[in-house]
Each structure stands twice: as C-alpha cells, then as structure tokens.
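Structure record follows, encoded as structure tokens.
Each value in this text was obtained by applying a stated rule to the coordinates, not by laboratory testing. The shown structure was predicted, so the numbers you read here are calculated from the model rather than taken from an experiment. Using ideal geometry, Cβ is built from the backbone for each residue, glycine included, and neighbour counts are taken over all protein chains shown.
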Amino acid sequence: MISMPTLHGTNSELKREEIKVYFQYCYKRYESLFNIVADESAYFQKADPLRHPIIFYYGHTATFFINKFKLAKIIDKRIDPELESLFAVGVDEMSWDDLNEKHYEWPSLKRTQVYRDKVYSVVNHLIDTLPLELPITDDSDWWVILMGIEHENIHLETSSVLIRQLPFESVREDAAWKECEMVGTAPKNVLLDVSAGTVILGKNKDAKLFGWDNEYGDHQAHIPAFKAAKYLTSNAEFLAFVQDSGYSNDNFWCEEGKAWKAYTDAKHPMFWKKKKVEYTLRTLSREIDLPLNWPVEVNHLEASAFCKWKSQKEGTHITLPTEDEYVRLRDESKVLSYLEWTAKGETIANINLEGYASCVPVDTYKHGNFFDVIGNVWQWSRTPIYPFEGFKVHPIYDDFTVPTFDGKHNLINGGSWISCGNLATQKSRYGFRRHFYQHAGFRYVQSEYEETVTTNIYNTDSIISQYCHFGWGENALGIENYPAHCARIAIEYMKDKPKRKAFDIGCAIGRSTFELAREFDEVIGVDFSARFIQEAEVLRKNGVLRYAMKTEGELENFYEVNLADFNLEEERQKVSFWQADACNLKPIYKDFDLIFGGNLIDRLYDPKKFLDSLASRLNDGGILILTSPYTWQEESTPKEKWIGGYKRDGENVTTLDGLKEILGNDFELIDTKDVPFVIQETARKHQHTIAHMTIWQKK
C-alpha cells in the first residue's frame with residue numbers, strides 16, 4: 001500500500017524520496033488504467049456526448065503539471081505548447097466548454113505518450129532538485145507538485161467512468177484491474193437510528209495532508225437524530241423501483257430529472273443493459289449478470305426519484321442525507337481516518353484500490369452498525385457544494401471549486417473503490433452536476449432536518465467584485481466607464497470596415513464584449529481567469545449578475561447588473577466566453593475583423609509571443625487595438641520579456657517603441673490616445689489610472 005505523503009516531517013531528503021515514490025506510482029497507475037482500452041481508435045470516440053474523447057484525459061493530466069509549473073514560475077520553458085493548449089481546459093464542468101469536435105485535431109496516441117514520458121522526466125527532475133523545507137505549505141513549489149499528483153488521482157476515477165462507457169468490444173480484461181466475482185442475494189435493508197450530535201467540518205492550514213481549496217475553513221452544525229439505511233442501496237432495491245414504472249412515472253422526478261430523462265431516454269441506470277427480461281451490468285472490462293447484492297450506481301436525479309418513490313410506498317419521508325448528516329453518521333460509526341487506516345496497513349473498506357477494481361457486495365465491510373460508510377461507491381447528498389467560512393482560492397488553481405458554487409453541483413461523500421489519495425480522505429469534498437455519472441450510489445435516510453447552508457447568490461470575492469464594478473458599476477469620479485469607452489472607440493475606428501467577428505482578449509467580466517456586440521455579428525471574449533469568465537457567462541446566460549462591494553470595514557453594498565438596463569439584452573445571442581491563455585491561444589481563434597486587448601500586455605508572461613500571434617488571427621485591413629498603463633512588474637512578466645520600460649545600450653526603450661518593433665512588419669500604427677479608468681476598492685478608495693491606447697491596421 002502506497003499512501004499519500006504527509007506535509008510534515010523532520011527529514012527533507014526522506015520526504016523528497018517519499019513524494020517521488022508516490023508520484024511515480026500514481027503516474028504509472030494512471031497509465032495502466034488505459035491498458036484496458038484494447039482498440040486505439042476508442043481513444044478518439046466520445047464515450048459520453050457531454051465529455052471529450054478519452055485521449056483528452058490521457059493528455060490532460062500530464063499538461064496540468066506543466067501548465068501549473070509554468071504559472072507558478074517553477075519552470076521557464078514548455079515541452080509542447082500546442083498540446084499544453086489543446087489539453088489544458090474543457091474537462092467537464094463549465095457550461096461554456098467547447099465540445100464541438102470539428103474544433104479539435106487530436107494528437108495520435110503515440111505523440112501523447114511521448115509527451116507523457118517527457119513530463120514524467122520533468123517532474124522527477126524537479127523532485128530531485130527543488131529545495132524542500134518542511135512542513136510543506138500552500139505557497140511552496142512542492143504544493144504544486146502534490147496538486148498535480150492529486151489532480152491525476154481525480155482523473156484516475158473520472159477516466160475509469162468513461163472507460164466503462166466505451167463500446168464493450170473496445171476494452172479487454174487486465175490482471176492489474178481485477179474485478180470482484182462475489183455475487184449473491186442482497187441483504188434486506190433497514191433503517192437504523194443515528195443519534196443527535198454536533199458536526200465540525202473543514203480543516204486549517206496546519207492539516208497534515210494536502211487538500212483542495214474547498215476543504216479549508218470552518219463549518220459547524222447541530223444535527224437532530226435521524227434514521228439511516230444500514231446498507232447502501234443495492235441493485236436489488238433499485239430494481240424494484242425500475243420494475244414499478246419508476247422511470248416512466250413523472251411524479252417521482254423533479255423538473256431537472258424529467259428534462260434529463262427526455263434528453264437521454266433513460267429507462268434504467270446507465271451501467272445496466274437489458275437482455276430480454278434480465279439485466280446485465282457493465283464493469284470496467286466485463287458484462288456480467290446484474291449482481292443484486294452490489295450497490296446501484298446512479299446519478300443524483302435517479303437517487304432522488306427513488307427516494308420519492310420509497311417515501312410514497314412506505315408513507316414516510318425518505319430522502320438523501322445532507323453532507324452534515326453523512327458526517328454525523330460517519331462520526332457515530334467511528335470510521336478510522338485515512339492516516340489511521342493507512343498507518344495500520346488494514347483494508348477497512350473497498351476504497352483506494354485495496355480491494356477490487358469494481359464494487360463488492362454491500363454487506364462486505366462493516367463500520368459500526370452500518371456498512372460501507374466509506375468506500376464501494378460515492379454517496380450522493382442533497383447538499384449543493386458551498387464554501388466554508390474562511391474559504392480562499394489557491395492562486396495556482398483558482399477555478400478548481402469556484403465554478404461549482406452555482407447550486408447545480410451536489411456533494412458526494414465517502415469515496416468509491418477507485419478513490420485514491422485525497423479522494424479517500426475523510427476531509428475531501430467533491431461536487432458534481434446532478435446528471436453526471438461517477439462510481440456513485442446512495443444511502444437513504446429518514447429525516448426532517450432542514451439544511452441552512454446556501455451557495456453564494458452574491459459574489460463577495462473582493463477581486464471579482466471590483467472587476468464587476470469596474471465593468472458594470474456607476475461611473476466613479478466622473479470618469480467614463482472604461483470598457484464601454486474602449487469599445488466605443490473601437491467601433492469608431494471600424495468605420496465602413498466589415499464588422500463580422502471581433503475578439504476581446506482579457507475581457508474580464510465581459511462589458512467590452514457585450515458593447516462590441518452592438519455592432520459586430522459575433523464577439524468572442526476570452527480571459528485567463530476562469531472566475532472572470534464564470535461571471536461573464538452567468539451574465540450572458542441569465543441576463544443578470546449580482547455582486548457585493550465593500551464600502552468600509554465589514555459594511556458592503558449589493559449590486560445587480562441587468563443587461564436590459566444597458567439595452568444589451570439582444571446582444572446575449574452574439575457573444576461567447578472562453579477561458580484561455582493569451583500567450584498560448586488555440587488556432588480556432590482566427591478570422592477576426594477586430595482584435596481588442598484591454599490592459600493586457602504588461603500582465604502577460606510572454607507579451608512578444610502574444611503579439612507575434614495576432615497578425616495571423618486578423619483579416620487583412622482589420623483593426624488591432626491595445627490598451628495598457630505599461631505597469632511592468634517582474635511578478636507578472638520576467639524582466640527579460642518586457643517589451644518596454646527599460647534601457648538598452650544606455651537609451652530609453654518605451655513600450656510604444658517595443659510595440660512598433662514587434663508589430664511593424666504586419667501593422668501600421670494609425671493613432672494613439674490616452675484613456676483614463678477608475679477601479680473602486682471601497683466607497684472612498686479608488687485607483688485612478690491612465691491607459692495608453694494604440695490603434696493598428698493590418699497591412
């Protein structure tokens with residue numbers, strides 16, 4: 001058993017070796033999972049219409065290491081910029097992910113494997129050479145290494161779900177991924193008492209194990225007594241629901257569930273297959289007769305429908321547990337913590353790949369009076385994922401959890417048979433869309449507990465709020481709204497030129513994107529920050545955006561942006577928003593009549609690379625507009641990458657000089673002007689800045 005390294009220790013060299021062994025084991029284990037895929041062409045099929053082909057996931061976990069190392073300034077050079085862009089974003093969860101296959105030319109499996117091998121060498125070299133101080137803290141380079149390892153552990157699980165969805169003829173059995181063969185009659189499920197008690201969730205910065213952002217902070221709640229099922233819901237229990245017209249009776253389904261059923265035409269769980277009157281179950285590499293004593297695997301919508309059906313059958317209130325109720329059940333069952341059971345070397349549950357590469361019967365692992373409190377399958381909760389008090393994002397992965405604080409992602413608890421590393425710890429918190437499949441089932445409870453936690457309605461992150469206000473708030477200090485002003489100037493310079501397609505790079509919360517759409521047929525807005533893009537997408541989708549701004553101390557004002565108030569309601573259909581790296585843009589961003597880069601170049605890690613790419617993306621005669629206050633800082637841009645603001649051979653080199661040198665071959669400078677802007681921090685504190693605008697026409 002190779003367990004997750006702790007952050008603490010007294011010997012740095014022993015810790016270095018421990019992390020190296022853990023990295024190598026996890027990296028190679030991920031690759032071995034794909035040995036189950038027997039047909040190379042299956043790498044390029046969509047196992048799930050809502051997700052990319054599995055070649056994306058095979059490359060994604062490797063590019064994650066390099067992209068995060070680059071962002072953290074641990075390395076200077078990329079391995080393969082094309083792959084690191086192609087495999088970077090678009091995993092599952094963001095509704096604006098590009099899932100149009102024609103946009104992608106996937107690399108061969110051989111090229112992807114060569115790339116993975118190079119990443120393996122880079123990570124090993126860093127582990128061998130980086131200075132290591134203990135304990136490892138979240139601002140350490142080693143935190144980023146652990147982040148990459150645990151990120152791959154997440155995709156070990158999600159990729160295994162996709163492999164289960166591949167055509168059966170595309171997979172093969174593998175001795176390293178042995179599946180359980182124990183099947184039999186399911187035990188009768190009963191409700192057992194769980195006493196009242198207080199639960200304490202969250203962890204602090206002194207925690208012994210690496211954690212994702214949503215695990216930190218504080219949450220406490222007193223949970224009244226309730227009853228919980230002794231076992232996870234088995235295939236046998238769920239089969240009764242299916243046979244009782246559970247899928248065809250809309251009375252058991254919420255509106256979201258009914259819409260999902262209509263979209264998928266689901267008549268039973270996804271991993272079941274009907275053979276005449278009997279059902280089979282698809283595992284990783286086999287199709288077997290439905291094992292009635294294994295836990296059922298369903299999405300949240302199916303689990304909720306079952307609970308409503310069972311409530312009606314028994315005349316009681318049966319529901320999914322909240323996150324707090326699950327923790328109360330776990331506390332009462334006295335399940336050992338991850339560090340306790342891994343230290344003992346005991347297999348206490350079907351988790352961490354210590355049992356089988358599949359489920360096992362629901363009465364195999366006992367925890368107190370219950371079974372499978374952890375492991376076997378994840379357990380859906382009725383709690384939408386939310387931030388604990390004191391939540392903060394990690395700057396190297398600022399979009400890990402924040403996009404899921406939307407009320408549409410519910411927490412899953414307890415881990416599954418393939419949950420390894422962080423996923424197997426008692427503090428882990430993962431939220432998935434309610435229609436998504438994981439290796440997840442459920443345990444039902446009888447409870448009247450009303451949960452009080454809510455997801456954020458108003459965004460209170462200070463940076464997000466400032467940029468919301470910068471883009472959409474009232475004019476401060478009598479200065480015209482900056483993104484609207486820039487868009488108006490851009491439209492003026494287009495004159496009689498074609499206005500088919502515009503590109504807004506560094507779009508932040510999208511004001512300039514929407515304003516350009518007043519005249520352009522299509523406008524694409526991109527930003528490096530997924531949190532900015534998330535807010536812009538909320539506004540595009542709903543027409544409304546809410547945020548809170550500090551006025552003084554703990555006081556704040558709440559704001560609501562409504563596109564109708566700006567006469568921009570119709571423009572929603574003409575804009576789209578994407579997360580992207582301006583220095584590593586995908587080739588699909590091309591054929592533009594206007595490119596606008598607002599306050600961008602002095603914050604890029606390689607501004608020349610960005611500027612060199614623009615001519616090929618702009619139509620002949622098209623307009624390029626750049627704005628910046630030229631605030632060059634080494635924190636954002638290595639000094640050797642500055643394009644101005646320094647001396648060369650004793651002479652001053654301004655940013656305008658640098659722009660002329662880089663853009664002069666392809667563009668003609670047609671005008672420059674100063675454009676002031678204001679960013680409000682509090683009611684009485686504002687940043688007043690003057691940006692320099694340069695307007696260029698492609699030759």
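In this structure, the amide hydrogen of Glu556, modeled 1.01 Å from its nitrogen in the peptide plane, lies closer than 5 angstrom to those of Thr551, counting only residues at least 5 positions away or on a different chain.
If only the Cβ of Lys and Arg carry +1 and only the Cβ of Asp and Glu carry -1, the dipole of region 462-698 around its Cα centre is close to 300 debye. Ellipsoid semi-axes for region 593-662, based on the Cα gyration tensor and the rule √(5λ), read 23, 13, 10 Å when sorted largest first. Applying 1/(1 + (r/R0)^6) with r as the Cβ-Cβ distance of Ile75 and Glu651 and R0 = 30 angstrom yields a FRET efficiency of 0.35.
Annotation for Glu169 and Phe558: the two label points, set 7 Å from Cα along the Cα-Cβ direction, are 5.8 nm apart.
Cβ crowding within 10 Å, taken as a proxy for footprinting-reagent exposure, orders Glu150, Glu40 from fewest neighbours to most as Glu40, Glu150. The calculated 222 nm mean residue ellipticity attributable to helices in the chain amounts to -9000 deg cm²/dmol, summing -39500 (n - 2.57) over DSSP H runs of n ≥ 4 and dividing by all residues. The length gained by stretching the chain between Tyr25 and Asp620 to full extension, at 0.36 nm per residue less their Cα-Cα distance, is 209.0 nm. Amide hydrogen proximity for Ile351: with H placed 1.01 Å from N in the peptide plane, the residues at 5 or more positions away or on another chain lying under 5 Å are Asn376. Distance between the C-alpha centres of region 522-550 and region 128-191: 33 Å, rounded to the whole angstrom.
Can you sort Ser140, Ser285, Ser12, Ser512 by how many other beta carbons sit within 10 Å, fewest first?
Fewest to most other Cβ atoms nearby, the residues stand as Ser12, Ser140, Ser285, Ser512.
In this rough spin-label picture, where each label sits 7 Å from Cα along the Cβ direction, the Thr672-Lys178 distance is 7.3 nm. Think of each Lys and Arg Cβ as +1 and each Asp and Glu Cβ as -1; about the Cα centre, that makes the dipole of the chain roughly 1120 debye. Fully extending the segment from Asp612 to Leu50, taken as 0.36 nm per residue of separation minus the present Cα-Cα distance, adds 198.9 nm. Taking a ≥ b ≥ c as the square roots of the Cα gyration tensor eigenvalues, region 537-642 comes out oblate, since a/c reaches at least 1.5 and a/b does not exceed b/c.
Can you list residues whose amide H is under 5 Å from Arg434's amide H, if they're 5+ apart or on another chain and H is modeled 1.01 Å from N? Distant-sequence amide H within range of Arg434: Asn410. Here the residues His435, His60, ranked from fewest to most Cβ neighbours within 10 Å of their Cβ, fall in the order His435, His60. Given their separation in residues at 0.36 nm each and the Cα-Cα distance between them, Leu14 and Lys313 gain 101.8 nm when the chain is fully extended.
Toward the positive end of the charge dipole of the chain, with +1 on the Cβ of Lys and Arg and -1 on the Cβ of Asp and Glu, the farthest Cα among His60, Leu14, Phe238 is that of Phe238. Between region 198-265 and region 459-503, the C-alpha centres lie 42 angstrom from each other. Under the rule a/c < 1.5 gives rounded, and otherwise a/b versus b/c splits prolate from oblate, where does region 189-317 land using the Cα gyration tensor? Taking the square roots of the gyration eigenvalues as a ≥ b ≥ c, region 189-317 is prolate. Ignoring lysines fewer than eight residues from Lys639 along the same chain, the ones with Cα atoms less than 18 angstrom from its Cα are Lys70, Lys73, Lys77, Lys608, Lys609, Lys647.
The charge dipole of region 557-652, taken about its Cα centre with unit charges on the Cβ of Lys, Arg, Asp and Glu (plus for the first two, minus for the last two), comes to roughly 380 debye. When restricted to Cα atoms, the chain yields an Rg and a Dmax of 27.0, 86 Å, respectively. Computed from the C-beta positions of Ser248 and Ile288 and an R0 of 22 Å, the FRET efficiency is 0.25 to the nearest 0.05. Remark: spin-label model distance Glu480-Lys227 equals 7.0 nm, labels positioned 7 Å along the Cα→Cβ axis.
Could you tell me which of rounded, prolate or oblate describes region 462-698, using a ≥ b ≥ c as the square roots of the eigenvalues of the alpha-carbon gyration tensor, with rounded for a/c under 1.5 and, failing that, prolate when a/b is larger than b/c and oblate otherwise? It comes out oblate by the Cα gyration axes. Beta bridges assigned by DSSP with both partners in the chain are antiparallel in approximately 75 percent of cases. Farthest towards the positive end of the charge dipole of the chain, among the residues Leu33, Asn557, Ser616, is the Cα of Leu33, using unit charges on the Cβ of Lys, Arg, Asp and Glu. Stokes-Einstein, applied to the Kirkwood radius of region 235-446 over Cα pairs at a viscosity of 1.567 mPa s and 4 °C, places its translational diffusion at 72 µm² s⁻¹.
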